[in-house]
Structure formats: C-alpha cells, structure tokens
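Here's the structure we're looking at; comments come further down.
Read-outs throughout are calculated quantities, based only on the coordinates presented, and are distinct from any laboratory measurement. No experiment lies behind these values; they were computed from the predicted model shown. Methodologically, a virtual Cβ is constructed for each residue, glycine included, from the backbone with ideal geometry; neighbour enumeration extends over all protein chains shown.
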Amino acid sequence: MNHRVLLTFDVDRDWPIEKYGRMEAISGMKDDTPDDPAIRATAQGLEFILDILEEKGKRATFFLEAAVLNKLQRDTVSRLSKHDIGCHGYAHEDFLGLGTGYTPTSEERTNVLRTAQAIISDRIRPPMGFRAPYLRWDRELLRLVSNLGFQYDSSETIKQATALQAYETNGLLEVPLSTGTDMENAIISGYLWQLHEGKRSVDDYLYFIRNQAENPRIEYSMLATHPWHLYLSTGKRSYLPGDELQRNLGAFRGLMDQIEDNVMAIDEYLTHLSEQNKP
Ligand SMILES: [Zn+2]
C-alpha cells in the first residue's frame, strides 16, 4: 500500500473535560487546575508512543497543550523535539464556549495562543501547526493562529471524504481530518478512541485506511489519538488495570505494526507538497 498515513497525537491532560463558566479544561480523572494539569496517563502514554516511533524510525505530529508540556520531564521533551510540534491551547481552552457557556473575547483568545506559543517555543521550538481543543474553531480563531505565524491548522473534519488534501485558507494551510467507513460500512473517524475503548478493532481502522487509499483524490489518511487514552478508560472512568492495559497497548501496537511503512508527520507531507509545487 503506497498511501500516506499522517499520524497525530493531541497531548492534553488526562481526559480533558469542560468546566462550566471558564474556557480552560479540567481533567475528568482528578481535580486539577489549568496550570497544574493531571498528566499521569498522558506521560505514560507519551513514553509508550515515543518508544514505538523510535523503534520504527518514524516521525509523527504532536499537538501540545502547553500547560502539559510545562510538566513533562526534560528527557521526554527532548525525545518529542525530533517530531513535528504543534499547539493545542494552553489549558485545552474551549475557544467557542460551546461546552463551557463562556465565550472568550478575541483578546482572550490571542492571549491564550500567545502564551501557549511562547511556552512551546521556549521548551522545544516555535510550533508549526495548530489543532483546536475539542476541534472547536471558527474563522476568526484561524486568522489569529495565522497572524501569530503558525503555518498550518488541523482542526477541520471532512465528513465521509471523497477528496482529501491540504488547502490554503485564512492564510494557513488546512490539513483536515476525515471520516470514512469501517468493515460494516458504518461511519468511522480517524480518532482511535473506539479502538482504545474496545468498541472497534484494528481491522476496522485498516479497512478505513485501505478504502481511502483506493481513491486517487484522497492524498492521505489521518489518524489521531490522545496518549492518555492508552492508559485510562473514559467509559469506566478509571486508569486501566494490568490486563486491560496490556490489551489496549497491544491493539495500538498491532495497528502501528500494520501501517508503519506508511506513517509520517504532517510536516513531512507538507514538505513533499511544497517540493512538488516548485517550478
Ligand atoms: Zn484535546
């Protein structure tokens, strides 16, 4: 199979959920604060993912919640720096206020983006991409992101995509996610949460990718997940015990083994596009 699989990770706190009345998220697992996020599962999941990628000699894209990055060990940060780095808010803000009832002003949005960008720049390098927390975005947000010097956004989802490629919008390159179909012809998203929650199999995701690969108008498939989801279940609201954890890690590794030749980071895909467009 000669088809790109863009592999992306939203590195946010352990299961970020909305808190009514403020834009920052809290952890669904334990009481935390915007500046001191719960990252027990996130940190473990990240190590596991980095191990696999290093073993396979592959790069991926990591959208970082800046408050989480602040808490990661220096060694983890140095391993992350080999990969494509993006921004996922400072404290997983709901920029639209859809789940919090709190709609930030343009100035508040800008301040959050600036703070997050400064932290990521300081600890790694200026983030090239952006993915909105909860995938909640509007044109103004993307314009702010573009004005701050980000090069691409990956917050949009093309539903049941019949064509898929990066395109220019609001001064950015948009590199959308997409949905497709699984083995039962049901709608499947590139987010792997159903794999982690035992609701879908590795084969469903392989079917989704192969199906997209057969369409010449689809330039890539994009997978996405959260490092914490390897180590906790939102359905059971618990950190996974040994046997369930091993099953979960095994499923993810099984998927990676199947697609390792095709996996790449978003920045690698964009480099390929710009080389292709050279006169
Ligand atoms: Zn997120």
**OP:** Go through the stretch 232-279 and give me each residue that's without any contact (Cβ under 8 Å) to a residue 12 or more places away in the chain, in a helix (DSSP H, G or I), more than 22 Å from R13 (Cα to Cα) and of a type outside the set (D, E, K, R).
**Re:** G250, T271, H272, S274, Q276
Original post:
Taking S27, is it touching a Phe, Trp or Tyr at 6+ places or on another chain (Cβ under 9 Å), among the polar types (S, T, N, Q) and free of Cβ contacts under 8 Å to residues at least 24 places away in the same chain?
Top reply: yes
Original post:
In the set T100, T115, which member is of a type in the set (S, T, Y) and away from the ligand (no atom under 16 Å from the Cβ)?
Top reply: T115
**OP:** Search the stretch 132-162 for residues being acidic (D, E) and part of a loop (DSSP other than H, G, I, E, B), and hand back the single one that is farthest from the chain's Cα centre (by Cα).
**Re:** D138
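Conditions tested, residue by residue: (1) crowded, with 16+ Cβ neighbours inside 10 Å; (2) farther than 23 Å from L64 by Cα; (3) among the hydroxyl-bearing types (S, T, Y).
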position: D153; (1), (2), (3): yes, no, no
position: D182; (1), (2), (3): yes, yes, no
position: Y191; (1), (2), (3): yes, no, yes
position: R217; (1), (2), (3): no, yes, no
position: A224; (1), (2), (3): yes, no, no
position: P227; (1), (2), (3): yes, no, no
**OP:** Could you give me the residue pairs with C-beta distances under 9 Å whose first residue belongs to the stretch 114-136 and is closer than 22 Å to Y167 by Cα, whose second residue is within 14 Å of the ligand (Cβ to nearest atom) and part of a helix (DSSP H, G or I) wherever it lies, and which are 6+ apart or on separate chains?
**Re:** P127/A116
**OP:** Working carefully through the options Y220, Y207, Y191, find the one that is within 16 Å of the ligand (Cβ to nearest atom) and among the aromatic types (F, W, Y).
**Re:** Y191
Original post:
Which residues, counting only those in the stretch 38-93, are in contact (Cβ under 8 Å) with a residue 60 or more places away in the chain, part of a helix (DSSP H, G or I), within 16 Å of the ligand (Cβ to nearest atom) and touching an Asp or Glu at 6+ places or on another chain (Cβ under 7 Å)?
Top reply: A41, T42
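Considering T157, T179, which residue is under 20 Å from D10 (Cα atoms) and in contact with a Pro (Cβ under 9 Å, 6 or more places away or on another chain)?
On inspection, the qualifying residue turns out to be T157.
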